[in-house]
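As structure tokens, the structure follows; a few thoughts come after it.
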């Protein structure tokens, strides 16, 4: 009986794998045109000196497949909020749901990782997390969407965010207070 069950599981896995590799790559907002706004994150990622975090699409290098984006945020220097911008590159190297970051010294200084798991996505949002080390210790997450106020977030992705991310917190994005 155990052999039958394990054979059945293997057969299902092979069928799913074959269907998935023949499919088109996933359409994830991070790889498409437009701006994404950070609207949620795990509380441990909170940085009180940052606000108004967003990322804008710049272009895709057709040869290397790297997608170039700007990371924009307001940074508090101790007296006032100042705009700050950094160009970075990402790509999906295969058809899996791993987002690879082309690491730079500036990104390392921001504690960025070189790989993120795309936990869920739809046409207007993407939920990213660090790689999963253990089911008993869920990794921190970030929730990005195409609308700064989160109005395009579906109930489905909000549920994913609440269930998968430790201490989920929604971020405020204030266009009237200097957010771009």
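Remarks
- Label sites at residue 43 and residue 131, each approximated as a point 7 angstrom past Cα along Cα to Cβ, lie 2.8 nm apart.
- Simple spin-label estimate for residue 61 and residue 97 in nanometres, 7 Å along Cα-Cβ: 2.8
- Gyration tensor verdict on the stretch 27-177 (Cα atoms; rounded if a/c is under 1.5, prolate if a/b is larger than b/c, oblate otherwise): rounded
- Global geometry of the stretch 137-177, whether rounded, prolate or oblate, following the gyration tensor of its Cα atoms and the 1.5 cut on a/c: oblate
- Each 10 Å bin, from zero up to the one with the longest distance, holds this percent of the alpha carbon pairs of the stretch 68-157: 14, 38, 37, 10, 0.
- The slack in the chain from residue 106 to residue 87, taken as 0.36 nm per residue of separation less the alpha-carbon distance, amounts to 5.9 nm.
- Estimated at 0.36 nm per residue, the fully extended path between residue 115 and residue 70 surpasses their Cα-Cα distance by 14.4 nm.
- Ranked packing of 45-54, 142-151, most packed first, by mean Cβ within 10 Å: 142-151, 45-54
The numbers here are math on the coordinates, done by the rules we state, and not lab data. Since we're looking at a predicted model, the values are computed, not measured. A quick note on method: Cβ atoms are made from the backbone with ideal geometry, for glycine too, and the neighbour counts reach across all protein chains shown.
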